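Throughout, read-outs are computed from the coordinates displayed, never taken from laboratory work. Predicted model, so just to flag it, every value in this text is computed and none were measured. Cβ atoms come from the backbone with ideal geometry, glycine included; neighbour counts cover every protein chain shown.
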Amino acid sequence: MKRTLSLALAALITLVAVAGLTLADPAQAAKAKQAGAKKSEPAPARITGAKVLEFGVYTSTVTSREKSATVADGIKDRARDFKLVRKSTLVDARLGTSIGMQYVLLGTPKVGNVSIEVAVSHPAMVNPETRQSMTHSSAIFERVLGQPEHAVWSFDTPEGLVPGEYVIELVSEGKVLAQKTFRVKVRK
């Protein structure tokens, strides 16, 4: 009988070792389960580049407008129904004119949600909220990898209608992925 128990115990020990099982307290088991769950979650989407599809003067429909301390004219718009009116980097602007580019973000996986910074270097303007002179504006937007999107600067206020050079950039993790430079003249 002792021999049978010894053989059964040896078989059980071998089975546990082969299966890779460990006898642990519940706290250790929970930690191991969490670690396993973290490994099985998909990696977050990551931007690897951007491709400019078109650029120039656009029309669009503004869907929402909010005040922004990080944009020189104090306005951050969300828009849809973009239409390229004229492909050019030389622009005669008036109130309501919009300049920019259509682009697609590249990355892994091929489709995934990401954040992108749209940064614009421009002539000096005074933000109406902060009263600070600004030559750089930026806003963060949620985008989808592989889906065509737009980065557009609109001349929405008389104070923001300033002639000069405007450089629109797509920035991810401090790296410029794409940029377009526009020379703007103001119509009288």
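When you take every Cα atom in segment 46-186, what is the radius of gyration, and what is Dmax, the widest Cα pair distance, in Å?
When restricted to the Cα atoms of segment 46-186, Rg and Dmax are 14.4, 43 Å.
Using +1 at the Cβ of each Lys and Arg and -1 at the Cβ of each Asp and Glu in segment 34-188, identify which of Val162, Ala119, Val91 lies farthest towards the dipole's positive end.
So the residue furthest toward the plus end is Val91.
Going down the table (Lys67/Lys185; Lys51/Lys87; Lys51/Lys185; Lys83/Lys110; Lys83/Lys185), which pairs top 23 Å between alpha carbons?
Flagged as over cut-off: Lys67/Lys185; Lys51/Lys185; Lys83/Lys110.
Computed FRET efficiency, Cβ-Cβ of Arg94 and Thr70, R0 25 Å: what is it to the nearest 0.05?
Values: r = 25 Å, r/R0 = 0.99.
About 0.50, to the nearest 0.05.
Could you pull the Cα extents of segment 79-136 along its three principal axes, largest to smallest, in whole Å?
Here the Cα extents, ordered largest to smallest, are 42, 30, 19 Å.
Using modelled backbone amide H atoms (1.01 Å from N, in-plane), which distant-in-sequence or interchain residues come within less than 5 Å of Leu53's amide H?
HN-HN under 5 Å from Leu53: Gln102, Tyr103, Val104.
Would you give the gap between the C-alpha center of segment 67-125 and the C-alpha center of segment 141-188, rounded to a whole Å?
Using only Cα atoms to place each centre, the spacing works out to 4 Å.
Among Phe82, Phe141, which comes first, second and so on when ranked by fewest other beta-carbon atoms within 10 Å?
Phe141, Phe82
So what are the ³J(HN,Hα) numbers for segment 163-170, from phi and the Karplus equation (6.51, -1.76, 1.60; θ = phi - 60°), rounded to whole Hz, Gly and Pro as x?
Result, ordered by residue: x, x, 9, 10, 10, 9, 10, 9 Hz.
Got a sec? How would Ser138, Ser133 order by Cβ neighbour count within 10 Å, fewest to most?
The fewest-first ordering by Cβ neighbours comes to Ser133, Ser138.
How far apart, in nanometres, would the label points at Gln147 and Lys51 be if each is projected 7 angstrom from Cα along the Cα-to-Cβ direction?
Placing both labels 7 Å beyond Cα along the Cβ direction yields 1.8 nm.
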